[in-house]
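The values are calculated or read from the model by the stated rules, or taken from the named source; none is laboratory data. What you see is a predicted model; the values in this text were computed from it and never measured. Positions of Cβ are generated from backbone atoms using ideal geometry, with glycine treated the same way; all protein chains shown enter the neighbour counts. For accessibility, only protein heavy atoms count, side chains too; no ligands or nucleic acids. Shrake-Rupley method; radii C 1.70, N 1.55, O 1.52, S 1.80 Å.
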Amino acid sequence: MIVRTVCLSVGAMIAGHACAADGRPEKPNVLLVLADDLGWQDVKCYDIDEPSPYETPHIDGLAKEGVMFWQGYSPAPVCAPARCAILSGIHPARAQKTNVRGGTPPAPRHLAASRVMDPWQTARLSMDETTIAQVLQDNGYATGHSGKWHMNMTPKSEPLPRDVGFDWSRESMGVAREMKPNRVKGFSSDAADDPWKLDANGYPKNEIFEDAVVFMEEHRDQPFFLFCAARLVHAPIQTRSKALLEKYCKKLGLPFPQTPGPIALPGQQNPYYCAMVEEFDKYVGDLLSYLDTTDDPRWPGHKLRENTYIVFTSDNGGMEQLRGDVITDNYPLDGGKIRLEEGGTRVPLIIAGPNIPANTQTDVMANGLDFFPTILSMTGTAAPENQHFDGCDLYPLLTQSPQDPALVKQQDGRVRESMMWHFPHGVAMYSTLRVGDFKLV
Ligand SMILES: [Ca+2]
Ligand SMILES: [Ca+2]
């Protein structure tokens, strides 16, 4: 066990890492929690129009402990390219990784109806790119991944998490495995052998978040980086908790569904999805509670939370509809997942941790591409030589003046004034460019 109670590095002090005054170990932990398809209006503290029935007390609480971005963006409107961009810091267009499926020769979409071809794209994280996990691993961090991966062409193909810098990885479906025989039957019970056994509060066991806690418990005696990639609140739209489904049916004034058919009510009135959002929030709360209550072996007398940065976001905007189910509503944003309008790319984003002011909101633009350089600054880790970053280091913004856009600088030193997205797929085949308060589609 390594116990550091004194500041070891003048360099770390210069970089703004308080360690002399309070004895905090110089390499803080980093927890990156990535939701799947959680929309900008799906978290209560972001809900600005017609109030949704969703309850997210733990994420709302996290927002009160750090900086809440109103203009946080994902790098892409769908899962895989956003995930690759977050881990590599490379824009999906530069990486030629712009969609979920690919890696095969382009072909016309339809021989008669639509002869347009999508451009070739890799369908996976490039083995030539360096990930944030690799760089932190080289700097002495234990690096862990739990949950969804989805950065390879097929579930077993390269790169797997261990190929790109994760020491420890447990991939699983958690509660997202499709319910059998359907979503109004096959609820969880409290039987010991139920893989989704209900806990004392009625929430189903979710392997992804339990694995995340196992990783932290096994590695808390050294600095750690944990990438917890949830599968909530992605389809299948279902909940294994009958009580939660009943709760939201009641809240919405709906009868308990007798058949698994689609819920077509407009807005944010899908009781299955309501339950999923609450479950997701509860599991995030479990991680926060672990950090809040667990001693930091590297910093006697302190809890892990005091020396852990938490980055919370979603991989793309909310999925509004699927097979007749109205899932959620990103309004007042336009569109949702798979589209480049704001609803497909704007996401909840909260960052908290040492030296970051609590209860702070900002309108400064941020992007998942920023996490790599930001985490390097948080951890005092040097960037690899010749590493290109398409995002910006948010650390000066977060720690000095979270409302000052002039603190967000590109790798070339210029203040960031624009962001672009590239999605040459689907019916629209488009790019979008945001400059200041304008957006060109
Ligand atoms: Ca709403
Ligand atoms: Ca997603």
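Can you find, among ALA63, LEU265, PRO75, the residue farthest towards the positive end of the dipole of the stretch 10-415? Put +1 on the C-beta of Lys and Arg, -1 on that of Asp and Glu.
LEU265
Using a 1.4 angstrom probe with every protein chain in place, what is the largest-first accessible-area order of TYR248, TYR203?
TYR203, TYR248
Using a 1.4 angstrom probe, figure out how much accessible area the stretch 237-334 has per residue, in square angstrom, rounded to the nearest whole.
Ligands and nucleic acids excluded, the result is 37 Å² per residue.
Just want the answer: with Cβ charges of +1 for Lys and Arg and -1 for Asp and Glu, which residue in GLY144, PRO424, LEU340 is farthest toward the dipole's positive end in the chain?
Farthest along the dipole direction, towards plus: PRO424.
DSSP loop (so not H, G, I, E, B), at most 11 other Cβ within 10 Å: list which GluC sites (Glu not before Pro) in the stretch 331-403 pass both filters.
GLU385
Principal axis lengths of the stretch 10-415 from Cα atoms, whole Å, largest first?
For the stretch 10-415, the Cα extents along the three principal axes come out at 65, 56, 40 Å.
Nothing charged except the Cβ atoms of Lys and Arg (+1) and of Asp and Glu (-1): what's the magnitude of the dipole of the chain about its Cα centre? Round to the nearest 20 debye.
960
Within 10 Å, count the other beta carbons around each residue, average over each peptide in 293-299, 129-135, and list them highest first.
129-135, 293-299
For the stretch 344-423 and the stretch 182-235, what is the separation of their Cα centres, given in Å?
First find each Cα centre; the distance between them is then 30 Å.
Accessible area of ASP167, 1.4 Å probe, to the nearest 10 Å²?
Here the residue's solvent-accessible area equals roughly 70 Å².
Just for the chain, what percent of DSSP beta bridges are antiparallel, to the closest 5?
Counting only bridges with both partners in the chain, antiparallel ones make up about 50 percent.
Considering only protein heavy atoms, what is the solvent-accessible area of VAL311 at a probe of 1.4 Å, reported in Å² to the nearest 10?
Result for VAL311: roughly 0 Å² accessible.
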